[in-house]
Amino acid sequence: MTPTHATFEEWITALELVMDDWGAKNDGRPYGSGSLAETTGLDCWRGYYNDGYSPRDAFSEDQTYWED
């Protein structure tokens, strides 16, 4: 199910803001200092978008895969 409220590009822009917010609270963005296109690639986020995750929920879900 693809969300109808935002294009993928708009969704990525919102996700970038989530990353900026996290970075401001945690001494830097989680995947490096560049854009998501540069650091992770955008394809790895498309599944979250297609599954209807909000940008914030997609980031929260992705964090569950981080190693401690």
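The values are calculated or read from the model by the stated rules, or taken from the named source; none is laboratory data. Here the structure is a predicted model, which means the values were calculated and not measured. Cβ placement follows ideal geometry from the backbone for every residue including glycine, while neighbour counts extend to all protein chains displayed.
Out of contact with any helix residue (DSSP H, G or I) (no Cβ under 6 Å at 6 or more places or on another chain) and among the aromatic types (Phe, Trp, Tyr): does that describe TRP11?
No: the conditions fail for TRP11.
Name, by its number, the condition in (1) over 9 Å from the mean Cα position of the chain (by Cα); (2) more than 16 Å from THR7 (Cβ to Cβ); (3) surrounded by 11 or more Cβ atoms within 10 Å (Cβ to Cβ); (4) not hydrophobic (A, V, I, L, M, F, W, C) that does not hold for TYR65.
Here TYR65 meets the rest and fails (3).
Taking the criterion of being surrounded by 14 or more Cβ atoms within 10 Å (Cβ to Cβ) and at pLDDT below 95, would at least one residue in region 46-58 satisfy it?
no
Applying the selection to region 41-56, what residues are out of contact with any helix residue (DSSP H, G or I) (no Cβ under 7 Å at 6 or more places or on another chain), outside any helix (DSSP H, G or I), of a type outside the set (Asp, Glu) and over 15 Å from LEU17 (Cβ atoms)?
Result: GLY41, GLY52.
Mind listing just one residue for me: the one in region 1-40 that is polar (S, T, N, Q) and not in a helix (DSSP H, G or I) and, of those, surrounded by the most Cβ atoms within 10 Å (Cβ to Cβ)?
THR40
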